[in-house]
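Q: Got a structure for you, written out below as structure tokens; questions coming shortly.
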Amino acid sequence: MSGWAKFAHRFTQYYRTAPLWSPPRLRSREWMFIPFGPAKPIRHKGFSDINEVRNFVCNSPFHSCFYSTAYWKNPHQLKMADKGWLGADLIFDLDGDHLPGVTDRDFPGMIEVIQEQAWSLWNDFLEPDFGFKQEYLQVTFSGHRGFHLHYRDPKYFHLDSEARRELVSHIRGEGVEVTDVLSRSNQPNAVGWPKRINSGISSIVSKLDAIYAGDTKLLTTMTNNLQEMLDREGIRGLRGKASVEKLSELMQAEGRRERVLDGRLSALNNHALLFQNILRADSGVVLGSAGETDEVVTIDTRRQIRWPGSLHGKCGLRVTELPLSRLDPDSSNSFDCLSEGIALSREKEYELEITAEDVVARFDDRLIEATIGDELTIHEAGATFLILKGWARFSDK
């Protein structure tokens, strides 16, 4: 047995005894399964109870398993129009590989960043800004690059895509007026955009200092981000490199700098609006307190989402439910997906050859830092992860 067939067999063995999570109103859910190999996904499946689901996944080897965030009258119908849409959960999907400057080649580093983002999304936005209640929340590690926040308050079930898009737009800061929130940004209990603005001003000032000192790469990045944001929102105004360079020059006056850091942007005169727009466009500010939640997932009222308890076919880790309190990276009992997400054997070992450049992984307390040609011995769970991600192969030796 070799190649994907080895993993297919182990995945099937896992489902025979694994505790399987049952979605609320299971009979109203549509299911989708992706087989190993070239076979097409199996969709439009409906089940009466979780035992039927287990029997199904134990009879065929599946790479990934999904259930619908939507509720349907007849989930097994092949045509969407015949299913009878009843409503849908509200899902926030955060993936680390969507963040600028973050790569999953440093997998532990990426997970650390995205866990901070997911916690802040709830703690700084969804709960305080929208009044979301913890009793309706389910948090899961996606099994690979991030976290899912499932929100199941019945009063939100019937929101259409446009209403869901407005939630994401607020989180992203689209249409946010910096001056409207500055007065609240220095409050000790500031959350949401006031908190972002407070921490973001000093970040932008530091970047403008670097541009004034000659950092042309940062100048290009800042200008491009600014232009993209202004074009997206249809805003006219200062946006070119010359305007940003002029702003960086203005920031060198000590008195003006102190006033700006104190939130009094009027000290910049005609360039005050430019500073505000740079603040809103800067990824370090926009992403520094909430997360790059995938808009497509949130607004889709017919979305399929990974089944908690299932194995992720791209790495072999388990889609794992966790208490909200353990999402907090500063908690004394913070969730560790690179230990608690391991579902396959830690005992049987394999000889592997690394096939990718400069990869970093961790399994429990073992840190792997390797590059092309390196060889290592590792347990089944680690071997599954490295091979499914395309970072390694079974050694010929």
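Q: Please verify whether region 340-347 includes one or more residues that are closer than 26 Å to E321 by Cβ, out of contact with any Ser or Thr (no Cβ under 7 Å at 6 or more places or on another chain) and buried (at least 18 other Cβ atoms within 10 Å of the Cβ). I'd like the intermediate steps shown before the answer.
A: Restricting attention to region 340-347, the residues satisfying the condition of being closer than 26 Å to E321 by Cβ are 340-347.
Within this subset, residues satisfying the condition of being out of contact with any Ser or Thr (no Cβ under 7 Å at 6 or more places or on another chain) are 342-343, 345-347.
Now drop any that are not buried (at least 18 other Cβ atoms within 10 Å of the Cβ), which leaves 342-343.
The answer is yes; a qualifying residue exists.
Q: While we're here: Which residues, taken from region 338-367, are in a helix (DSSP H, G or I) and hydroxyl-bearing (S, T, Y)? Let's see the steps before the verdict.
A: Looking only at region 338-367, we keep the residues that are in a helix (DSSP H, G or I), and these are 338-340.
Once the filter is applied, which keeps residues that are in a helix (DSSP H, G or I) and hydroxyl-bearing (S, T, Y), region 338-367 yields only S339.
Rundown of residues vs (1) buried (at least 17 other Cβ atoms within 10 Å of the Cβ); (2) part of a loop (DSSP other than H, G, I, E, B); (3) of a type outside the set (K, R); (4) modelled with pLDDT of 95 or more, yes/no style:
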{"position": "P100", "(1), (2), (3), (4)": "no, yes, yes, no"}
{"position": "T103", "(1), (2), (3), (4)": "no, yes, yes, no"}
{"position": "E112", "(1), (2), (3), (4)": "no, no, yes, no"}
{"position": "E116", "(1), (2), (3), (4)": "yes, no, yes, no"}
{"position": "L121", "(1), (2), (3), (4)": "yes, no, yes, no"}
{"position": "Q138", "(1), (2), (3), (4)": "yes, no, yes, yes"}
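Q: Report the residue count in region 13-67 for those that are of a type in the set (S, T, N, Q), touching a residue at least 12 places away in the same chain (Cβ under 8 Å) and in a helix (DSSP H, G or I). Steps first, please.
A: Step one: filter region 13-67 for residues of a type in the set (S, T, N, Q), giving 13, 17, 22, 28, 48, 51, 55, 59-60, 64.
This time we only want the ones that are touching a residue at least 12 places away in the same chain (Cβ under 8 Å), so: 22, 28, 48, 60, 64.
Narrowing further to those that are in a helix (DSSP H, G or I): 28.
The total comes to 1.
Q: Which residue pairs have Cβ atoms under 9 Å apart, sit 6 or more places apart or on different chains, and have a first residue in region 228-242 that is at pLDDT below 80 and a second that is in a loop (DSSP other than H, G, I, E, B) and surrounded by fewer than 13 Cβ atoms within 10 Å (Cβ to Cβ)?
A: E233/G175
Q: Say whether the condition of being touching a Pro at 6+ places or on another chain (Cβ under 6 Å) and in a loop (DSSP other than H, G, I, E, B) is met by at least one residue in region 368-387. Full working, then the answer.
A: Filtering region 368-387 down to residues touching a Pro at 6+ places or on another chain (Cβ under 6 Å) leaves none.
No: region 368-387 contains no residue that is touching a Pro at 6+ places or on another chain (Cβ under 6 Å) and in a loop (DSSP other than H, G, I, E, B).
Q: Could you please tell me which pairs satisfy a Cβ distance under 6 Å, a separation of 6+ or placement on different chains, a first residue in region 336-361 that is small (G, A, S), and a second residue that is surrounded by fewer than 16 Cβ atoms within 10 Å (Cβ to Cβ)?
A: S339/D364
Q: From V191, V178, V205, grab the single residue that is at pLDDT below 90 and either of a type in the set (D, E, K, R) or out of contact with any Pro (no Cβ under 9 Å at 6 or more places or on another chain) (or both). Show your work before the answer.
A: Details: V191 fails: either of a type in the set (D, E, K, R) or out of contact with any Pro (no Cβ under 9 Å at 6 or more places or on another chain) (or both); V205 fails: at pLDDT below 90.
Only one candidate passes the filter, namely V178.
Q: A follow-up question, please. For the list (1) farther than 22 Å from R172 by Cα; (2) in a helix (DSSP H, G or I), I need the number of the one condition that D231 fails.
A: (1)
The values are calculated or read from the model by the stated rules, or taken from the named source; none is laboratory data. Keep in mind the model is a prediction, meaning the values are calculated, not measured. We place every Cβ from the backbone using ideal geometry, glycine too, and count neighbours over all the protein chains shown.
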